[in-house]
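**Q** My questions all concern the structure below.
Only the coordinates and a few stated rules stand behind these numbers; no lab work does. Since we're looking at a predicted model, the values are computed, not measured. Because the Cβ atoms are built from the backbone with ideal geometry, glycine has one as well, and the counts that use them run over all protein chains shown.
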Amino acid sequence: MTSVDLDQLKKAAALKAVEFVRAGMVVGLGTGSTAKHMIMALGDKVRAGMNLRGVPTSQETAVLARQAGIPLVDAENRWEIDVAIDGADQVDPHFNLIKGGGGALLKEKIVAASSKQFIVMVDHTKQVPVLGGSFPLPIEVIPFGWGSTAREIETLTRSRVVLRERNGVPFKTEAGNLIVDVHLDRIDNPKGVEIALNQIPGVVETGLFVGRTDVLIVGTAAGPETHLAKRI
């Protein structure tokens with residue numbers, strides 16, 4: 001399947017996701033290629049007269065939202081987010097996610113945690129039987145002593161940890177932190193791994209989103225599929 005075909009599946013999933021948005025809602029706006037389609041679709045709703053406001057998860061998303069005509073909530077405010085809509089780099093059968101390929105995982109998790117409903121939209125290639133393997137786990141760490149933090153992560157996970165770089169220099173998040181990418185063959189216990197990693201001093205947040213997804217929308221060749229999370 002070509003990248004153009006995959007982009008169409010992402011767009012179809014995004015259009016399905018915005019059907020959950022109602023007038024008057026505050027909407028968490030994700031970051032990434034699928035989120036871009038969602039933002040454009042929400043912009044169409046605003047231009048058609050729908051009243052809504054957005055909380056962006058990155059500066060890139062904020063720019064896109066303003067261009068689309070979506071009013072934004074003050075980033076320093078105390079939000080009441082009705083629904084957050086975002087993509088993912090991987091999703092397992094239990095709707096656990098790996099996110100952070102674009103480097104916005106901290107803001108994305110804050111927005112997801114602040115939302116009454118979290119909707120994830122992906123194309124079918126992002127579905128995996130178990131997290132890890134083909135995609136590394138991003139972890140945001142503070143710059144101070146990051147090498148020691150990375151060593152602790154390596155010891156805990158028994159895996160290779162690589163500092164993320166862009167154009168030969170360390171990648172900096174919007175919060176001024178670094179990201180290390182952890183190459184794990186498989187993550188059989190995402191919740192346990194997330195808890196353990198967050199105990200390491202210097203770790204700000206992980207790209208594991210465990211038990212947060214309420215609705216999963218998957219773009220497939222036969223059309224978008226909507227799956228509701230089963231809560232125990």
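**Q** Convex hull over the alpha-carbon atoms of the stretch 1-125: what's its volume per residue in Å³?
**A** Per residue, the Cα convex hull of the stretch 1-125 comes to 102 Å³.
**Q** I would also like to ask the following. Using only alpha carbon pairs under 8 Å that are at least six residues apart, calculate the relative contact order of the stretch 1-117 and give it in whole percent. List each step's numbers first, then the result.
**A** Values: 186 pairs, mean separation 32.0, N = 117.
Relative contact order comes out at 27 percent.
**Q** Do any trypsin sites (Lys or Arg not before Pro) in the stretch 56-112 lie in a DSSP loop with no more than 13 other beta carbon atoms within 10 Å, and if so, which?
**A** Working: sites: Arg66, Arg78, Lys99, Lys107, Lys109; in loops: Arg78, Lys99.
Those that pass, being in a loop and sparsely packed, are Arg78.
**Q** Still on this model: Which of Asn167, Asn189, Asn51 ends up with the largest GNM mean-square fluctuation for the chain, with Cα atoms connected below 10 Å?
**A** Judging by the Gaussian network model, the answer is Asn167.
**Q** Where Rh is the Kirkwood radius over the Cα pairs of the stretch 34-74, the temperature 4 °C and the viscosity 1.567 mPa s, what D in µm²/s does Stokes-Einstein return? It would help to have the intermediate numbers written out before the result.
**A** On the way: Rh = 9.9 Å.
Translational diffusion coefficient: 131 µm²/s.
**Q** While we're here: Let me know the Rg and Dmax you get for the chain when you use only its Cα atoms, in Å.
**A** 17.4, 54
**Q** Right, next: With contacts defined as alpha carbon pairs under 8 Å and 6 or more residues apart, what's the relative contact order of the stretch 126-232 in percent?
**A** 32
**Q** Another question, if that's okay. Taking the Cα-to-Cβ direction at His94 and at Glu19 and moving 7 Å from each Cα, how far apart do the two end points lie in nm?
**A** 2.9
**Q** Under a GNM of the chain (C-alpha, springs under 10 Å), which listed residue has the highest mean-square fluctuation: Ile85, Ile195, Ile39?
**A** Fluctuation is largest for Ile195.
**Q** Just need log10 I(q)/I(0) for the stretch 171-232 at q = 0.13 Å⁻¹, Debye formula, equal scatterers on the alpha-carbon atoms, no solvent, rounded to two decimals.
**A** -0.57
**Q** Report Rg (one decimal) and Dmax (nearest whole number) for the stretch 135-199, counting Cα atoms only, units Å.
**A** When restricted to the Cα atoms of the stretch 135-199, Rg and Dmax are 11.7, 34 Å.
**Q** Sticking with this structure for a sec: So what's the Cα pair-distance distribution over the stretch 92-207, bin width 5 Å, in %?
**A** Histogramming the stretch 92-207 at 5 Å steps yields 2, 11, 22, 24, 21, 13, 5, 1 percent.
**Q** So if R0 is 30 Å, what FRET efficiency would His227 and Glu80 give, r being the distance between their Cβ atoms, rounded to the nearest 0.05?
**A** 0.70
**Q** Quick one: in the stretch 115-154, what % of C-alpha pairs are over 14 Å apart?
**A** When all Cα pairs of the stretch 115-154 are counted, 67 percent exceed 14 Å.
**Q** Tell me, what does the Kirkwood hydrodynamic radius of the stretch 64-122 come to in angstroms if you use every pair of distinct C-alpha atoms?
**A** Details: mean 1/r = 0.0783 Å⁻¹.
By the Kirkwood definition, the hydrodynamic radius is 12.8 Å.
**Q** Next question, about the same structure. Over the chain, with a Gaussian network built from C-alpha contacts below 10 Å, which listed residue (Met40, Met50, Met121) shows the highest mean-square fluctuation?
**A** It is Met50.
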